[in-house]
């Protein structure tokens, strides 16, 4: 049979990841906010912190931190607000008998630099005018997470096959608590489990189990292709989900 003539079956239980995305999710990138551009956007999103500190010569240095504390509800912000308020009150008290001009300039410099850091913490943006990153589609996140779990499970199989068997890696037909991301053990799982995990027809999965029944032992996933007549277009599906737990 030639590979080009094979009609690859599609199992009704599995949907294509990208086609199952909702219209809202597909348009998420296009409808994402574009950020706060221009001088007015900079001013209204924390730029006024610096303006207040400089124009008041540090006497209102505590105001941005009070605003940040109210907006973020963080205890650290309130601590900074109290410290800057204390510094301003101290300058007023010492302004009579002492020259505090140098201290006021120092307060302006320190509070101004601090306000730049504070602004990033309050508005959670690294640069004004850049749009926030688009939200990750839950379907894509689920596929990537399952892919990462499969890679982790394969490393367990390579390092410690005995542990892999205890965890039930590649055995969706058995009770287990470990999530291997959807792997199936081609050397032990029944044909139904192989067909479901690899999204192939049961007849093709049966070729694998029949080879096992005839005494053929698989050392790698690719050994399956050398001893069975599984069509070439299905190989990548089997490689993606198949594993061989040896030992």
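The values are calculated or read from the model by the stated rules, or taken from the named source; none is laboratory data. Values in this document were obtained by computation on a predicted structure and should not be read as measured data. A quick note on method: Cβ atoms are made from the backbone with ideal geometry, for glycine too, and the neighbour counts reach across all protein chains shown.
Quick check on the stretch 193-210. Is at least one of its residues in contact (Cβ under 8 Å) with a residue 40 or more places away in the chain and out of contact with any helix residue (DSSP H, G or I) (no Cβ under 7 Å at 6 or more places or on another chain)?
Within the stretch 193-210 (the criterion being in contact (Cβ under 8 Å) with a residue 40 or more places away in the chain and out of contact with any helix residue (DSSP H, G or I) (no Cβ under 7 Å at 6 or more places or on another chain)), the answer is yes, since at least one residue qualifies.
Residues checked against (1) over 14 Å from residue 114 (Cα atoms); (2) under 36 Å from the mean Cα position of the chain (by Cα):
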{"residue": "53", "(1), (2)": "no, no"}
{"residue": "58", "(1), (2)": "no, no"}
{"residue": "62", "(1), (2)": "no, no"}
{"residue": "79", "(1), (2)": "no, yes"}
{"residue": "88", "(1), (2)": "yes, no"}
{"residue": "93", "(1), (2)": "yes, no"}
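Determine which member of the set 66, 128, 136 is assigned to a loop (DSSP other than H, G, I, E, B) and modelled with pLDDT of 80 or more.
Unique residue meeting the criteria: 136.
Does any residue in the stretch 129-144 that is farther than 30 Å from residue 40 by Cβ come within less than 9 Å, Cβ to Cβ, of a residue that is at pLDDT 85 or above and assigned to a helix (DSSP H, G or I) six or more places away or on a different chain, and which pairs are these?
From residues that are farther than 30 Å from residue 40 by Cβ, the pairs are 136/144.
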